[in-house]
Amino acid sequence: MRQAGRHFLQIPGPSSVPDRILKAIGQQTIDHRGPDFAEVGQKALEGMKSIFKTKQHVFIFPSSGTGGWEAALVNTLSPGDRVVMFETGHFASMWSKMARKIGFEPEVIEGDWRGGAEPDRIEARLREDVAHEIKAVCVVHNETSTGSVSPIAEIRSAIDAAGHPALLMVDSISGLASIDVRFDEWGVDVCVSGSQKGLMLPPGLSFNAVSARALEYSKAVTTPRSYWDWQDMVGPNGTGYFPYTPATNLLYGLNEAIDMLHEEGLDNVFARHARHGAATRTAVQTWGLEVLCARQGQESDVLTAVVVPEGHSADAFRATTLKHYDISLGNGLSKLADKVFRIGHLGDFNDLMLMATLSGVEMGLAKAGIPHQSGGAQAAMECLKGTGG
Ligand code: PLP
């Protein structure tokens, strides 16, 4: 049956794409080796530096975020290299599985999937590695499966405190452009991101921000690579071009997204996400449900993962909300399957959209028979009223 009104895409990415960006993408495709393309490419490459807060290189690949992960690994590690990977949740776990598949030696520091990566445990492991066999530390900035944020600047300090030369590689696929990323200031060596979250684009672009040190390092790395090779990108990127056909229309969209983010102001974008994160957590607490992130101060402002009471199915609840209120909520991934649902509150999102989302969740909880107290949406509204829009 046709559902009237707009679908609410409240998964934690892809986020809904604003009309301005859809319009930009809808322009005619141009010759990616012709004279007019240089401006498009240069604007995107330079613009992304401003989003990552870096003066160093940003590479853009026509791929999903997973491709960006692979590019980060194959350009910095040689076969058999050791890498420390902190398991904050499903995505951190997937990244380490990828590293093993390619032929690296990931050492996984296990986490409880209820908070960010722990700098002290990383420092302790690096201090033990007196031979400096560990070549990189990989962490997920915003763990989309759990709604927890890792303290990246503190992890850099931990690596430095251990006096260890490992590269710091960060997945901010769902963090960038929603919560602050300070690539240069935080001393990150590689930051991976994707188009379909805070950047408000459809899926299809991935990014590697790369420090001068990591770029230099990549010259000596022996892992076979071609499509993902940073070194092949550097030359053409210098004049706004790419070594193969870029996703031209997504780059139009990206340039529009960069303009929109700067028109609003990055700090305002982050503050908006912070308000929505806080209001959502207030709603969850009022419902008497549990926010999965158990470490205070590490709760994500991009999404909130909500634990469903024992004996109840998060997936059945999500199916109910989709059927009755036309809202898509995120599912629980791997060991969290059917135990949590995730509310995305990222990207091109405002107070009224959040209120509709939380109302949909609250009505869905009642419809699906999940035990809860009503009034969560109301409490979130009070929270939004109190913090100014
Ligand atoms: N890392 C994180 C933190 C993610 O949220 C995602 C996707 O949601 C990925 C990696 C994988 O990216 P993609 O699905 O675009 O390949």
(request) State which entries of Lys101/Lys339; Lys49/Lys335; Lys135/Lys339; Lys23/Lys53 exceed 32 angstrom in Cα-Cα distance in the structure shown. (result) Lys49/Lys335; Lys135/Lys339
(request) For segment 20-262, report the accessible area per residue in Å² (1.4 Å probe, heavy atoms, rounded to an integer). (result) 36
(message) Could you tell me how far the Cα centroid of segment 354-374 sits from the Cα centroid of segment 273-298, in Å?
(response) 15
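Below 8 Å between Cα atoms, with a sequence gap of 6+, how large is the relative contact order for segment 20-262 in percent?
Values: 498 pairs, mean separation 74.4, N = 243.
This gives 31 percent for segment 20-262.
Could you rank His164, His324 by how accessible they are, 1.4 Å probe, largest area first?
Numbers: His164 10, His324 85 Å².
Reading off the accessible areas and sorting them downward yields His324, His164.
For the chain, what is the calculated [θ] at 222 nm in deg cm²/dmol (nearest 500), taking -39500 (n - 2.57) for each run of four or more DSSP H residues and dividing by its residue count? Show your work: numbers first, answer last.
Numbers: 13 runs with 164 residues, N = 389.
Only helices count here, giving -13500 deg cm²/dmol.
Ignoring ligands, DNA and RNA, please state the percent of accessible area on the chain from carbon and sulfur, probe 1.4 Å. Walk me through the intermediate numbers first.
Working: 8140 of 15470 Å².
Heavy-atom surface of the chain belonging to carbon and sulfur, 1.4 Å probe: 53 percent.
Rounded, prolate or oblate for segment 1-136? Axes are the square roots of the Cα gyration tensor eigenvalues, ordered a ≥ b ≥ c, and the cut-off for rounded is a/c under 1.5. All intermediate terms of the calculation are to be shown ahead of the outcome.
Working: a/c = 2.55, a/b = 1.54, b/c = 1.66.
Oblate, because a/c is 1.5 or more while a/b does not exceed b/c.
For His57, His345, what's the largest-to-smallest order of accessible area, 1.4 Å probe? Please report the intermediate quantities before stating the final value.
Details: His57 45, His345 0 Å².
Putting His57, His345 in descending order of accessible area: His57, His345.
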(message) Net charge within 10 Å of Val192 by Cβ-Cβ distance, Lys/Arg positive one each and Asp/Glu negative one each, not counting Val192 itself?
(response) -2
(request) Read phi for every residue in segment 132-139 and hand back ³J(HN,Hα) as whole Hz from Karplus 6.51 cos²θ - 1.76 cosθ + 1.60, θ = phi - 60°, with x for Gly and Pro. (result) 6, 7, 7, 9, 7, 10, 10, 9
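Taking the DSSP beta bridges in segment 20-262 as the whole, what percent of them are antiparallel, to the nearest 5? All intermediate terms of the calculation are to be shown ahead of the outcome.
Details: 12 of 31 bridges.
In segment 20-262, DSSP labels about 40 percent of beta bridges as antiparallel.
Between beta-carbons, use under 14 Å as the cut-off and find the net charge around His345, counting Lys and Arg +1, Asp and Glu -1. Don't skip to the answer; put the middle values down first.
Working: positive: Lys197, Arg272, Arg275, Arg281, Arg342; negative: Glu299, Asp301, Asp348, Asp351.
My count for the surroundings of His345 gives +1.
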(message) Spelling out what I want: for every residue of segment 209-224, take phi, set θ = phi - 60°, compute 6.51 cos²θ - 1.76 cosθ + 1.60 (Karplus), and round to whole Hz; glycine and proline get x.
(response) 7, 9, 6, 4, 5, 5, 5, 5, 4, 5, 5, 9, 6, 9, 5, x
(request) Report the net charge of residues surrounding Phe207, where surrounding means a beta-carbon distance below 12 angstrom and charges are Lys +1, Arg +1, Asp -1, Glu -1. (result) +1
(request) Treat each spin label as a single point 7 Å out from the Cα along the C-beta direction, and report the Thr239 to Ser64 distance in nm. (result) 3.5
(message) For a quick check of understanding: with a 1.4 angstrom probe and all protein chains in place, what accessible area in square angstrom does Ser334 have, to the nearest ten?
(response) 70
(request) When a/c is below 1.5 the answer is rounded, else prolate if a/b is larger than b/c, else oblate, so apply that to segment 20-262 with a ≥ b ≥ c taken from the square roots of the Cα gyration tensor eigenvalues. (result) prolate
(message) For segment 11-40 and segment 187-233, what is the centre-to-centre distance using only Cα atoms, to the nearest Å?
(response) 20
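Assuming a ≥ b ≥ c are the square roots of the Cα gyration tensor eigenvalues, decide whether segment 65-174 counts as rounded (a/c under 1.5), prolate (otherwise, with a/b larger than b/c) or oblate.
Values: a/c = 1.68, a/b = 1.08, b/c = 1.56.
Cα axes put segment 65-174 in the oblate bin.
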(message) Taking the full set of protein chains and a 1.4 angstrom probe, give the accessible area of Tyr252 in square angstrom, rounded to the nearest 10.
(response) 30
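The values are calculated or read from the model by the stated rules, or taken from the named source; none is laboratory data. Treat the numbers as computed from the prediction; the structure is a model and nothing was measured. Please note: Cβ atoms are built from the backbone with ideal geometry, for glycine as well, and neighbour counts cover all protein chains shown. Side chains included, ligands, DNA and RNA excluded: accessible areas come from the protein's heavy atoms. Shrake-Rupley method; radii C 1.70, N 1.55, O 1.52, S 1.80 Å.
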